[in-house]
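The structure appears below as structure tokens.
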Amino acid sequence: MAYEPQYYPGKTKIAQNRRNHMNPNVELEKLREIPDDDIVKIMGQRQPGEDYKTVHPPLEEMDLPEDYVRDLVEPISGAKEGHRIRYIQFADSMYNAPAQPYDRARTYMWRFRGVDTGTLSGRQVIEMRESNLEEIAKNFCIDTAFYDPAVCGIRGATVHGHSLRLDENGLMFDALQRYVYDEKTGHVLYVKDQVGKPLDEPVDVGEPLSPEKLVEITTIYRKDNIPMREDTELIKVVKRIHRARTLGGYMPTEDTFKDL
Amino acid sequence: MIEIEVFPHRYLKAKTTERFLNEIYSLSTVDRVIIHGQPLPKTVYYGPARGTPVNHSERKIIDVHGVPVELTVMAGRFWITLKDDSEMDKIEEVCKSLFHYGYNIKVGKFTRDKSTVTDYIKYGEMLVNMMDRTLIGLTDPRSKYESSVKIIPKDSKKEHAESFSGHI
């Protein structure tokens, strides 16, 4: 029988949102259209229109020793071309951000190939071949309901802010003020790239989502939304893992695993 | 002497902080206010952009009863020392008018009022015994007096002290 991935346990809306993120067959709602060049500017690693820098010649031109794993695994397009590896990093506020670091890690691993991701408490970095990274950053990470201009931040360094109260405009605190709220248009503008270097022109990333919409699409269990304890199925799975790891670690006998 | 903590549910813009401080300092029972919040750096202190000016729009000089005060933090809570609780309703009103997104007010003890052993070692016994008692517990131990404490003169010739306390 073919294995069907279940992605994530739980019967609540939050669990369903997590499954939607991870399931590559689910297409997330497209909410904005940010031009490619603007994404490149925010990432700050290449001038818009500039050629991709390479770290090795195209794989086809290279004389590589024979390796059957290389025959099995199809390289992604950036690897074929020899593009260098770059990163983009997101910080997600605990105030109902659409994604959060663990969800991001699992989602990237389910959906994309050739991705190296690092999970920390308040931020999540993706490393990938530059051309593929830009494509993912635009088409998935920023243009869809995976991102919100107010409670998600594109921050390469100095990410502090995910666990703080929002500011008066509803934006996540950023000591470097990479993005500002335009009170006339109601849009969020990036005035610096992800590490804090000023941009020549501000980049408009659109209007923040309404709090009601964020409550609908968030993947964070919260006491003032849906608390984790309400999700009995999830609690059951978490307890099972805990039991298997702790008790099973101390005493790996048949009895310990009997009721799991 | 009682202490209260005003905790708005959002981090405040410099403009709101200015209005709040001006209204609070108009009350006769307010002795001192400690502003606690997130520090706003002048320059980027980490990463590839290290040394680039930040130019944060909320790090600016505000005017509190005619005294220019440089805000170095984004205010998140205020610890206010009051003479008594007779004007609590007025503080509540100020909060209600400014913080429409919600706030908490708590009565408690938030700062120290006695000199510590460190104070005696750092400043010497004579200086500690001579110093103004209202300045104890006003700032972080490592902050400098000139940049973190402002004295706002009061009509009744008494003075109000104000300090900044940053927290990462």
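What follows draws every value from the coordinates through simple rules; no lab data is involved. Keep in mind it's a predicted model, so treat the numbers as computed, not measured. Please note: Cβ atoms are built from the backbone with ideal geometry, for glycine as well, and neighbour counts cover all protein chains shown.
Going through the stretch A:145-186, which trypsin sites (Lys or Arg not before Pro) have at most 15 other Cβ atoms within 10 Å and a DSSP loop state?
A:184
Of the DSSP beta bridges with both residues in the stretch B:2-166, give the percent that are antiparallel, rounding to the nearest 5.
85
As a check on your grasp of the helix formula, calculate [θ] at 222 nm for chain A: sum -39500 (n - 2.57) over DSSP H runs of n ≥ 4, divide by the residue count, round to the nearest 500.
When only DSSP H runs of four or more count, the value is -8000 deg cm²/dmol.
Assign one of three labels to chain B, namely rounded, prolate or oblate, based on the Cα gyration tensor with a ≥ b ≥ c the square roots of its eigenvalues; rounded applies when a/c is under 1.5, prolate when it is not and a/b is larger than b/c, and oblate otherwise.
oblate
Hey, how many Å between the Cα centroid of the stretch B:1-68 and the Cα centroid of the stretch A:158-218?
20
Please list 3J(HN,Hα) in residue order for the stretch B:9-22, calculated via the Karplus relation 6.51 cos²θ - 1.76 cosθ + 1.60 where θ = phi - 60°; whole Hz, with x for glycine and proline.
7, 9, 6, 8, 6, 4, 4, 5, 4, 4, 5, 4, 5, 4
Along the stretch B:33-45, what does the Karplus equation 6.51 cos²θ - 1.76 cosθ + 1.60 (θ = phi - 60°) give for ³J(HN,Hα), rounded to whole Hz, x for Gly and Pro?
With coefficients 6.51, -1.76 and 1.60, one gets 10, 10, 9, 10, x, 8, x, 10, x, 6, 10, 5, 9 Hz.
Using the Karplus curve 6.51 cos²θ - 1.76 cosθ + 1.60 with θ = phi - 60°, what ³J(HN,Hα) values do you get for each residue of the stretch B:141-151, in whole Hz, with x for Gly and Pro?
Karplus values, whole Hz, x for Gly and Pro: x, 9, 7, 8, 4, 4, 8, 10, 10, 10, 9.
Pull up all non-local amide H partners of residue A:88: gap of 5 or more, or a different chain, and H-to-H distance under 5 Å with H placed in the peptide plane.
Residues meeting the amide H criterion: A:126.
Determine, for A:152, B:95, the number of other Cβ atoms within 10 Å of each Cβ, and report the residues in order from fewest to most.
Neighbour counts put them in this order, fewest first: B:95, A:152.
Please list, ordered by chain and number, the residues whose modelled amide H lies under 5 Å from the amide H of residue B:11; skip anything fewer than 5 residues away on the same chain.
Correct list: A:166, A:167, A:168.
Quick check on the stretch A:3-73: take the gyration tensor over C-alpha atoms, sort the square-rooted eigenvalues as a ≥ b ≥ c, and tell me if it's rounded (a/c under 1.5), prolate or oblate.
oblate
Antiparallel versus total DSSP beta bridges in the protein assembly as shown: what percent is that, nearest 5?
In the protein assembly as shown, approximately 90 percent of DSSP beta bridges are antiparallel ones.
May I ask you to derive the relative contact order of the stretch A:85-242, considering only C-alpha pairs under 8 Å and at least 6 residues apart, and to give it as an integer percent?
Across the stretch A:85-242, relative contact order equals 24 percent.
Using amide H atoms built 1.01 Å from N in the peptide plane, name the residues 5+ places from residue A:117, or on other chains, whose amide H lies under 5 Å from its own.
For residue A:117, whose amide H was placed from the backbone, the distant partners under 5 Å are A:127.
Answer rounded, prolate or oblate for chain A, using the Cα gyration tensor with square roots of eigenvalues a ≥ b ≥ c: rounded when a/c is under 1.5, else prolate when a/b is larger than b/c, else oblate.
oblate
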